[in-house]
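The block underneath contains the structure these notes are about, expressed in structure tokens.
Since every read-out is calculated from the coordinates, none of them should be taken as a lab result. In this text the structure is predicted, and so the values were computed from the model without any measurement. For neighbour counting, all protein chains shown are included, and Cβ atoms are generated from backbone atoms with ideal geometry for every residue, glycine included.
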Amino acid sequence: MRKPRIFPFEPFKFCICLLMASMLLSGCSHFNDGRQAKTTFAEANDLFHQGSYTASLNKYSEITEKYPEKADRALFEMGIIYAHPKNDQKDYQKSLECFQKLIKEYPESEYRQNSEMVIFNIRNVVLKDETIAAQQMQIETLQHKVQGKENEIVTLQKKIEAFEKKIEALEKKFFDYAIQKGSVDRILIEKSTRRLMLISQGEVLKSYKIALGETPSGQRNGKVITRPLRGPMSSMQETGTAGFTSPCIFPIKQRDKKRAKELGVSPGGDIMIHGIKNGSRR
């Protein structure tokens, strides 16, 4: 009778032990990976709270490469850091890329819903920042324009001052010339052109633009006759009229009264020279 074949126990036992060892090693490796990932997360979080944002981002990036199963959380943390207001090198575009990658590659992630909300908020912030930047640019442009106008005003003021000095110099020359020629002995007023001329010995020394009534060249003004203003100065007596102190240069004469009576109108009063308020153009 044939005896049953007996397999040696030792080799079989060795194979079982090898398989169990492999399983145990595999289990320990996953356990160690989880513990190391947790440690790296803690280090990245500590760097973030210390304000070392770049170093913290590098740690989270390391996690995405070494521990893909934890990458969704790392991407979420990176997105937060890129958009953090205290990060001097914040980059909203990179932040959006982190959250979008999380949503695309990890649709079942517990961080998906929060990522969608953060994306919405970041886009609103970017829009507001762009609006503020555009408004700031407009303000700066307007400030440059205002500064330019102020410079123009200063330049014009300097030109006016220089022009006034020239006028003063010309007036001085005029009076020096008038002294040499003698005193002004006649004043001629051309009413139609609203011009007054100072005459000495038949020569015009100076002419001025003047203001008259609304119908300076007419014969009548209401019920007052407008007399021709030509002749020698009769008086330089200071008299007050219409709130001004003015010299009387053409007092009313008897022939003016007679002519006015024939026309049935008032001859008016003495004709004087005085200043007018700024802005008047009569």
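Model label sites at K257 and K149, defined 7 Å from Cα along the beta-carbon direction, differ in position by 5.9 nm. Listing F76, F99 from fewest to most neighbouring C-beta atoms within 10 Å gives F76, F99.
In units of the rule-of-thumb radius 2.2 N^0.38 Å, segment 42-140 shows an alpha carbon radius of gyration of 1.18. Between D176 and T141, the C-beta separation translates, for a Förster distance of 45 Å, into a calculated FRET efficiency of about 0.30. The ranking of D88, D72, D256 by Cβ neighbour count inside 10 Å, starting from the fewest, reads D88, D256, D72. With a Förster radius of 22 Å applied to the beta-carbon distance between E108 and S61, the computed FRET efficiency rounds to 0.50. Pairs with C-alpha atoms separated by more than 26 Å, drawn from the list K149/K172; K149/K209; K209/K261; K66/K104, are K149/K172; K149/K209; K209/K261. Each of L188 and E69 was given a label point 7 Å from its Cα along the Cα-to-Cβ line. The distance between the two points is 11.5 nm.
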